[in-house]
Amino acid sequence: MRNVFLFLKRYSVFIFFLVLQGLALSMLFSYNRFHQTAYGMFSNEVAGNVNKRVNNVESFFTLSEQNKALRQQNAALLSYLPSGSVIPDTSFQLVADTVAVDSLKAYRQYQYFDAKIISNSVFLQQNNMVLHRGSAQGIVPNMAVVGTGGLIGTVISVSENMSIVMSLLHRQSKVIAVLKKGSGLGEVSWDGKDPRFLVLSKIPKTVVVKKGDTVVSSPYSDKFPPGLPIGYVEKIDQDQETNTYKLKIRTAVDFYAVQHAYIVKNLLQEEMDQLKKTVIKE
Amino acid sequence: MSLVFKNIIRFIFIMFIQIFVLNKIPPLHQFIVPYFYFVFILWLPFKIKRTALLFISFAAGMLADMFFKTPGLHAAACVLIAYIRPFLINLLLPKEATDWGNEEPTKKTMGPVPYATYLIILTLLHHFYLILLEWMQFGSFLYFIGKLVATTLVSLLLIMITDLFLNRKSKLR
């Protein structure tokens, strides 16, 4: 017994080292699987608050670009207003209304929450953002995040007032995407080299691709609204080993200057999840 | 100014530089990431207790992790260099570290060559471990080696510049 204590005393520093090392590594390796940890909650709030203060100053430097992007979006939205369109003159035509129920009435699937980006990075290999919206505002993990130009990322962790978003510029980010014209189904990821470009792979060579084609989110995704721009084809590479293209695409959102985002809630998500569960059970 | 107070101020300053200046720099290349915060551990006084050193490094690493959003990654690397640091100092300096009082490692207290060796070995070790852990999650061997070399050079450059500017006070040698 005495020897055990002597041993512990002699190697106490080494044991302390091993304990701290183990603690750090266990945090690191459990983080990738379970994003929601007690540490995550705490650090979200602390780091988020500090970042918010600095961001208040920093946001002045990109104001003009933000204004421009918002003006463009406003213009796009204004064009949807009824006052912007003219009703065709039908007074001299006979129109028989045979449908009693308004079959054209749409119901809402996606709800948008406005959120301010309080911290963002582009220079790391695993780039995340912090948004100033959290569980108190109804945000849950796995929601889509879109910017003024297009897709930004996915919510991965939520605390009371902040949420962490895995941006498209993350080595582990994978988004199913289609070409707007050719509609070949592919996968958008990031090779970690240049934050202005993403990589679209798995598009079959049978699809005709041209430079400048728009890459949009897939209609089969259950979290991203379909048809949302992700990027524009910049360079076309033939993958020699497989029968697919490897396309270099320019991001639709300027990740250097992005400051505001919309978190998208899929109102049919719960129903979809339940439906999926019944299939998996059987 | 008391030693503890001085180090706390330095810690806040270094962290501020890392998070709000260096992290905001537009990326030059995939391999170049300016890591600087760990220099705080290299500049702690000689006579600090080893368990205290380990604990402080762990806390510093965790704080850096909060802003890098990689829980444990930087903490693990910091704890490693904190563990190696006393052995390296004993190896590089003939005297016992306890005689040095409140001095901290600088060019003057250690001599230029041992100080440079001390910086290079610990920086390399920190980055090696950090990028190795990152490599385990993604990336190729070329990524590992390239980033190791590039980040180490950038970090050493940053430390050199800071040393020229800061002129930390020391009386020995």
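The values are calculated or read from the model by the stated rules, or taken from the named source; none is laboratory data. For clarity, every value in this text was computed on a predicted model and none was experimentally measured. Counting neighbours? That spans all protein chains shown, and the Cβs are built from the backbone with ideal geometry, glycine included.
When you scan segment A:65-80, do you find a residue that is hydroxyl-bearing (S, T, Y) and either under 22 Å from the mean Cα position of the chain (by Cα) or at pLDDT 80 or above (or both), even just one?
The answer is no, given that none of the residues of segment A:65-80 is hydroxyl-bearing (S, T, Y) and either under 22 Å from the mean Cα position of the chain (by Cα) or at pLDDT 80 or above (or both).
Just need a number here: residues in segment A:109-144 that are away from chain B (no Cβ under 13 Å) and more than 22 Å from A:S64 (Cα to Cα).
17
Among the residues of segment B:121-129, is there at least one that is surrounded by 12 or more Cβ atoms within 10 Å (Cβ to Cβ), farther than 17 Å from B:I17 by Cα, at pLDDT 90 or above and β-branched (V, I, T)?
Just the residues of segment B:121-129 that are surrounded by 12 or more Cβ atoms within 10 Å (Cβ to Cβ), to begin with: B:121-129.
Filter again for farther than 17 Å from B:I17 by Cα, leaving B:121-129.
This time we only want the ones that are at pLDDT 90 or above, so: B:121-129.
Still in the running and β-branched (V, I, T): B:121, B:123.
Yes; the residues of segment B:121-129 include at least one that is surrounded by 12 or more Cβ atoms within 10 Å (Cβ to Cβ), farther than 17 Å from B:I17 by Cα, at pLDDT 90 or above and β-branched (V, I, T).
Out of the residues in segment B:51-101 that are surrounded by fewer than 19 Cβ atoms within 10 Å (Cβ to Cβ), modelled with pLDDT of 85 or more and of a type in the set (G, A, S), which is farthest from B:F36 (Cα to Cα)?
The extreme case among them is B:A52.
Look at B:N7 and say whether it is away from every other protein chain (no Cβ under 11 Å), assigned to a helix (DSSP H, G or I) and either under 13 Å from the mean Cα position of the chain (by Cα) or in contact (Cβ under 8 Å) with a residue 24 or more places away in the chain (or both).
Considered against the rule, which asks whether it is away from every other protein chain (no Cβ under 11 Å), assigned to a helix (DSSP H, G or I) and either under 13 Å from the mean Cα position of the chain (by Cα) or in contact (Cβ under 8 Å) with a residue 24 or more places away in the chain (or both), B:N7 comes out as yes.
When segment B:36-50 is examined, which residues are found to be crowded, with 18+ Cβ neighbours inside 10 Å, in contact with a helix residue (DSSP H, G or I) (Cβ under 6 Å, 6 or more places away or on another chain) and modelled with pLDDT under 90?
B:F46
If you check every pair at least six apart or on different chains, which have Cβ atoms under 9 Å apart with a residue in segment B:22-33 that is facing another protein chain (nearest Cβ under 7 Å) and buried (at least 16 other Cβ atoms within 10 Å of the Cβ) first and a residue that is of a type in the set (D, E, K, R) and assigned to a loop (DSSP other than H, G, I, E, B) second?
Correct list of pairs: B:P27/A:D194; B:Q30/A:D191; B:Q30/A:K193; B:Q30/A:D194.
Determine whether segment B:59-69 contains at least one residue that is more than 8 Å from every other protein chain (Cβ to nearest Cβ), in a loop (DSSP other than H, G, I, E, B), more than 30 Å from A:F255 (Cβ to Cβ) and without any contact (Cβ under 8 Å) to a residue 60 or more places away in the chain.
Within segment B:59-69 (the criterion being more than 8 Å from every other protein chain (Cβ to nearest Cβ), in a loop (DSSP other than H, G, I, E, B), more than 30 Å from A:F255 (Cβ to Cβ) and without any contact (Cβ under 8 Å) to a residue 60 or more places away in the chain), the answer is no, since none of the residues qualifies.
Is it true that some residue in segment A:259-268 is more than 21 Å from A:Q73 (Cβ to Cβ), over 15 Å from the mean Cα position of the chain (by Cα) and either buried (at least 19 other Cβ atoms within 10 Å of the Cβ) or not β-branched (V, I, T) (or both)?
Scanning segment A:259-268, I find at least one residue that is more than 21 Å from A:Q73 (Cβ to Cβ), over 15 Å from the mean Cα position of the chain (by Cα) and either buried (at least 19 other Cβ atoms within 10 Å of the Cβ) or not β-branched (V, I, T) (or both), so the answer is yes.
Find all pairs meeting these conditions: Cβ atoms under 8 angstrom apart; at least six residues apart or on different chains; first residue within segment A:10-21 and more than 7 Å from every other protein chain (Cβ to nearest Cβ); second residue aliphatic (A, V, I, L, M) and surrounded by 12 or more Cβ atoms within 10 Å (Cβ to Cβ).
Matching pairs, first to second residue: none at all.
If you check B:N102 against the conditions, is it away from every other protein chain (no Cβ under 14 Å), among the polar types (S, T, N, Q) and touching a Leu at 6+ places or on another chain (Cβ under 6 Å)?
On the way: away from every other protein chain (no Cβ under 14 Å): yes; among the polar types (S, T, N, Q): yes; touching a Leu at 6+ places or on another chain (Cβ under 6 Å): yes.
Against the criterion (away from every other protein chain (no Cβ under 14 Å), among the polar types (S, T, N, Q) and touching a Leu at 6+ places or on another chain (Cβ under 6 Å)), B:N102 qualifies.
Identify, from the list A:S217, A:S173, A:S167, the residue that is crowded, with 22+ Cβ neighbours inside 10 Å and within 14 Å of chain B (Cβ to nearest Cβ).
Working: A:S217 fails: within 14 Å of chain B (Cβ to nearest Cβ); A:S173 fails: crowded, with 22+ Cβ neighbours inside 10 Å.
Within the list A:S217, A:S173, A:S167, the selection yields A:S167.
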